[in-house]
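To keep things clear, I will list the structure first and then write my remarks on it.
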Amino acid sequence: MNIAVEYINTHGVLANQMHRMSRVAFAKHLAIAGQGYAPTPRKLIRTIAMFLHYSYYTRSGAFNDDRFSEPPIELSDPTEKGQFSNLAGRAIADFLSKHIGHSMFTVNYEAAMRLRGMRLSIGRRQVRRPDLLAFANNETFAVEAKGFSGGYGNMGDHKAQSQTGGIPVNYTIASVAYDLYRNVKCKYHDPFNDNVAFDNELLGGLTRDYYAGLAQFLNEKFFYFREAEYFGEQFYEVDLSNRNFFQYFKKDFPFSFWQHELLDYYRPTLILPRDIRAFAKNGISNNIRPFLFDSIEQNSNIYIDNDRVGLSFRR
């Protein structure tokens with residue numbers, strides 16, 4: 001999928017860009033973007049379930065035509081479509097925060113507030129906050145993510161939402177994906193504030209939880225993993241095959257026959273950095289540079305994000 005992006009940079013200069021996102025990249029960002037807590041083997045169900053549940057919206061013919069598909073009329077559900085549009089907007093925002101903002105790590109904004117001991121609500125009213133918090137070298141930025149089937153709404157309102165929350169950031173993004181089912185476009189706008197110190201303590205705490213959750217895949221006896229190399233760095237590839245997945249989850253998640261078949265067809269693999277145990281113990285700092293991997297040029301069935309966590313599908 002090619003995403004036409006209207007980008008306003010930190011100096012207020014508008015530029016039209018095109019960013020290509022593979023289906024594997026979309027699956028990774030759809031599953032992980034905005035998770036409030038660390039991914040774990042128990043939460044693997046979220047990744048697989050979202051990929052299967054929303055398969056009608058990501059059919060390859062439409063996706064390769066730069067749009068999302070829609071279910072057949074007999075399966076159409078406006079509420080579900082709205083939910084998917086919102087999730088797709090968040091996934092695209094997370095993807096662009098890596099490719100435009102060069103973020104090495106993004107997290108649900110609420111998780112950062114919890115770690116800082118900030119209030120999430122006052123009485124019955126939630127404290128306004130953006131969706132994501134991103135860390136890029138010496139800069140931190142917040143992202144308000146939207147996804148719409150039609151127009152992009154009021155950018156001023158979206159921008160105002162991005163500036164709430166209370167965590168000091170260098171800039172805030174209003175990332176609004178729209179026209180999702182005809183020709184995906186996105187407005188990505190960001191003014192700048194250079195008077196904010198980088199918070200390595202916050203980044204370290206958030207990434208310890210993130211990588212510690214993922215590192216559990218290397219400790220569970222049901223998951224087989226092997227070593228691999230991409231662009232000079234070492235990784236683990238964790239087999240999420242039908243046998244491993246359902247041997248681990250069978251007591252809690254009784255899946256149907258067709259879902260077993262889909263796992264056999266896609267044969268998903270989770271890709272983790274070789275240094276994940278050190279990341280899980282100490283977190284990362286802004287001394288760690290984002291991992292740059294072009295899945296389109298290399299292999300459209302493999303995607304490794306800037307945070308060194310990736311997915312691959314064998315078909």
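The values are calculated or read from the model by the stated rules, or taken from the named source; none is laboratory data. Computed from a predicted structure; not experimentally measured. Quick reminder, even Gly has a Cβ in these numbers, built from the backbone with ideal geometry, and neighbours come from all protein chains shown. Side chains are part of the model used for accessible areas, which takes the heavy atoms of the whole protein and leaves out ligands, DNA and RNA. Shrake-Rupley method; radii C 1.70, N 1.55, O 1.52, S 1.80 Å.
The number of residues in the range 97-115 being open to solvent by less than 10 Å² (accessible area, probe 1.4 Å) and in a helix (DSSP H, G or I) comes to 5.
Which condition number does residue 176 fail, the rest of (1) open to solvent by less than 10 Å² (accessible area, probe 1.4 Å); (2) out of contact with any His (no Cβ under 6 Å at 6 or more places or on another chain) being met? (2) is the only condition that residue 176 fails.
Give me the residue from the range 128-150 that is in contact with a strand residue (DSSP E or B) (Cβ under 6 Å, 6 or more places away or on another chain) and in a loop (DSSP other than H, G, I, E, B) and, out of that set, nearest to residue 171 (Cα to Cα).
Of the residues in the range 128-150, the ones in contact with a strand residue (DSSP E or B) (Cβ under 6 Å, 6 or more places away or on another chain) are 130-135, 141-148.
With the extra rule that they be in a loop (DSSP other than H, G, I, E, B), the set shrinks to 130-131, 148.
Numbers: 130: 12, 131: 14, 148: 24 Å.
Among those residues, the one meeting the criterion is 130.
When the range 60-96 is filtered for residues that are without any contact (Cβ under 8 Å) to a residue 12 or more places away in the chain and open to solvent by 60 Å² or more (accessible area, probe 1.4 Å), the ones remaining, listed by number, are 65, 73, 74, 76, 77, 78, 79, 83. Restricting 19, 29 to those that are assigned to a strand (DSSP E or B) and surrounded by 15 or more Cβ atoms within 10 Å (Cβ to Cβ) reduces the list to 19. Selection of first residues in the range 222-235 that are closer than 15 Å to residue 302 by Cβ and of second residues that are hydrophobic (A, V, I, L, M, F, W, C) and open to solvent by 30 Å² or more (accessible area, probe 1.4 Å), restricted to Cβ pairs under 9 Å at least 6 apart or on distinct chains, gives the following pairs, ordered by first then second residue: 231/292.
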